[in-house]
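**Q** Take this structure first; my questions come after.
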Amino acid sequence: MGARVHRTEAMIAGMAPRLQPGLWAFHTVDAAALTPDLLARAAGAFREEEGLSLILPAAPGEALAMAQITLQVHSALDGVGLTAAASGALAAEGIPANVVAANHHDHIFVPAEMAEAALRALTALAAEHAT
């Protein structure tokens, strides 16, 4: 893993979006329903007032199955502009996006049927900012 990237232009140019296998769904669970197995299957978790939000593998026929696109750049946690640029490019194409910033990478969840269009939009954005 390379060094964290801080500069906005470098983060955008180096984001190298990659579509991950599988589909995901966002769910809220009560603390009493949380099991080690459920937590182990989660791609992510966040505690909210309403309960624990989990990103879980989508069940067949899930109403809103989401594809995961990972931005491969090792973006700095205090970096400015990557999330705004990526979500702006997707918004310009009418693609909803749920962004999760983790310690090493940003992950963008988009409706499954829009995944390829989202990947194209993000790849084009990176190319526009390449030096």
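The values are calculated or read from the model by the stated rules, or taken from the named source; none is laboratory data. Note that this is a predicted model, so its numbers are computed, not measured. Neighbour counts are summed over all protein chains in view; Cβ atoms, including those assigned to glycine, are modelled from backbone coordinates with ideal geometry.
**Q** Given the conditions (1) touching a Gly at 6+ places or on another chain (Cβ under 8 Å); (2) under 27 Å from A127 (Cα atoms); (3) exposed (fewer than 15 other Cβ atoms within 10 Å of the Cβ), which single one is not true for H74?
**A** The failed condition is (3).
**Q** Shifting gears a bit: Those residues that are under 22 Å from D106 (Cβ atoms) and surrounded by 15 or more Cβ atoms within 10 Å (Cβ to Cβ), I need them from the stretch 58-71; list them, please.
**A** Filtering the stretch 58-71 for residues under 22 Å from D106 (Cβ atoms) gives 58, 64-71.
Those that are under 22 Å from D106 (Cβ atoms) and surrounded by 15 or more Cβ atoms within 10 Å (Cβ to Cβ): A58, A65, M66, A67, Q68, I69, T70, L71.
**Q** On the given criteria, is R120 exposed (fewer than 15 other Cβ atoms within 10 Å of the Cβ), in contact with a strand residue (DSSP E or B) (Cβ under 9 Å, 6 or more places away or on another chain) and farther than 15 Å from P21 by Cα?
**A** Here the answer is no, as R120 does not meet what is asked.
**Q** Can you confirm whether the stretch 29-45 contains a residue that is touching a Phe, Trp or Tyr at 6+ places or on another chain (Cβ under 8 Å) and outside the structural domain of E128 (by TED's automatic domain parsing)? Talk me through it step by step, then tell me what you get.
**A** First, the residues of the stretch 29-45 that are touching a Phe, Trp or Tyr at 6+ places or on another chain (Cβ under 8 Å): 43.
Keeping just the survivors that are outside the structural domain of E128 (by TED's automatic domain parsing) gives 43.
Yes, the stretch 29-45 contains at least one residue that is touching a Phe, Trp or Tyr at 6+ places or on another chain (Cβ under 8 Å) and outside the structural domain of E128 (by TED's automatic domain parsing).
Residues are listed down the side, and each one gets a yes or a no for (1) surrounded by fewer than 13 Cβ atoms within 10 Å (Cβ to Cβ); (2) in a helix (DSSP H, G or I):
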residue: M11; (1), (2): no, yes
residue: D37; (1), (2): yes, yes
residue: F46; (1), (2): yes, no
residue: S53; (1), (2): no, no
residue: L56; (1), (2): no, no
